[in-house]
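A short write-up of the structure that comes next.
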Amino acid sequence: MIIDLPETTVSKISRSLVDVREEGGAVALGRVLTLIIVSSGGVAEEAIEAANDASREHPMRVIVLVAEPDAAEPRLDAQIRVGGDAGASEVVLLRAYGAAASNAESLVTGLLLPDAPVVAWWPGRTPGDPASSEIGKIAQRRITDAASQADPAAAVARLGGSYSPGDTDLSWTRLTRWREQLAAVLDQPPFEDSPSTPLLAAWLRLALDVDVAWAYLPESEWASGIKSVRLRRPGGDILLERPESAVATLTQPDQPSHELAFPRRSLRECLAEELRRLDADVLYGRVVTEGLELLSSPAS
């Protein structure tokens, strides 16, 4: 069900949500968090689709804020989506124009679920310091995505400078399978080591306390995220390589090679993983504030 509310106010939107709840029974009950999506450009619908999918694991209220402050006339349009149009969530889409877009916090505060944690997500353009932004200040967790920025490499380099506990970036979340597999390899004998691309390199630099050489591949050569990691050990090299976008090969000394299912993680998978934890990701914080500073420049 979709309810359009043109030229409305926050209080009218709130009353409409109550009406929806009364008409649909407990449709708005059982939500475990509020997800605020701060959208720009044309990414709102893709982000809503990912949130709807993730809501099957994390029932929530999704508030999508699309601000157009340069519009001449102040106006707030809204749309409420529930049921089949919202997965296991309820979606409130806010389009604020002109002066109505000047105070993002006031637009969403009256729509937050009471006594529920707040997660903020910027799927597109990201503020310089998410934690001090209007929306970031009211959120326990703040999700950004360096891959969606105009200069992803520069965006990753800036993560440490603005980091606050509760921040995370989907370029880190996309590394989960790589980190899990590499950690599993290093947890097997022989124990010769101390127990996105720069983030993985920074994680390895912190975890192993060794120099890490890394490089970006031209998109024309490889456009599916990380391609390979080689660990050089006295007993022989370990290579985890993804020769195609969905399959990786693990090669270890004196062992047969193994093929592993290694598809690039979808936006829905990454979002669902981040919503599983609402405390600060301490390891991510160390990687962006300490590990990145220890890395050498990428190889040319």
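Of the solvent-accessible surface of the chain, computed with a 1.4 Å probe and all protein chains present, 50% belongs to carbon and sulfur. Share of Cα-Cα pairs in the range 116-273 beyond 20 Å, in percent? Roughly 55 percent, once rounded to a whole number. A full extension of the chain between D237 and D279 corresponds to an added length of 11.5 nm, given 0.36 nm per residue minus the alpha carbon distance. For the range 218-300, the set of GluC sites (Glu not before Pro) satisfying both a DSSP loop assignment and a count of at most 13 other C-beta atoms within 10 Å is given as E219, E221. Remark: the range 173-300 carries a charge dipole of roughly 300 debye about the Cα centre, counting +1 on each Lys and Arg Cβ and -1 on each Asp and Glu Cβ. Taken over the range 189-300, the ratio of Cα radius of gyration to 2.2 N^0.38 Å equals 1.17.
Roughly what % antiparallel, to the nearest 5, for the DSSP beta bridges in the chain?
Restricted to the chain, the bridges split so that about 50 percent are antiparallel.
Its Cα centre serving as origin, the chain has a Cβ charge dipole (Lys and Arg +1, Asp and Glu -1) of approximately 260 debye. Assuming a viscosity of 1.002 mPa s and a temperature of 20 °C, what translational diffusion coefficient in µm² per second does Stokes-Einstein assign to the chain, Rh being the Kirkwood radius over Cα pairs? For the chosen part, D equals 102 µm²/s.
Per q in 0.22, 0.24, 0.32 1/Å, what log10 I(q)/I(0) does a Debye calculation on the alpha-carbon atoms of the range 96-137 return? Debye intensities relative to I(0), on a log10 scale: -0.88, -1.01, -1.21. Cβ-Cβ distance of S40 and Q140, R₀ of 25 Å, FRET efficiency by 1/(1 + (r/R0)^6): the value works out to about 0.65.
Using alpha carbon centroids, what distance separates the range 95-134 and the range 212-230, in Å? Using only Cα atoms, the two centres lie 35 Å from each other.
Evaluated over the Cα positions of the range 4-153, the convex hull gives a direction-averaged projected area, one quarter of its surface, of 8.8 nm².
Per residue, the accessible area of the range 29-153 comes to 39 Å² when a 1.4 Å probe rolls over the protein heavy atoms. For the range 32-121, the Kirkwood hydrodynamic radius from C-alpha pairs, put into Stokes-Einstein at 37 °C and a viscosity of 0.692 mPa s, yields a diffusion coefficient of 249 µm² per second.
Spread over its residues, the convex hull of the C-alpha atoms of the range 92-164 is 102 Å³ per residue.
The values are calculated or read from the model by the stated rules, or taken from the named source; none is laboratory data. Since the model is a prediction, treat every value here as computed from it, not as a measurement. In this analysis, Cβ positions are derived from the backbone assuming ideal geometry, glycine residues included, and neighbour counts consider all displayed protein chains. These area figures cover heavy atoms from the full protein model, side chains too; ligands, DNA and RNA do not enter into them. Shrake-Rupley method; radii C 1.70, N 1.55, O 1.52, S 1.80 Å.
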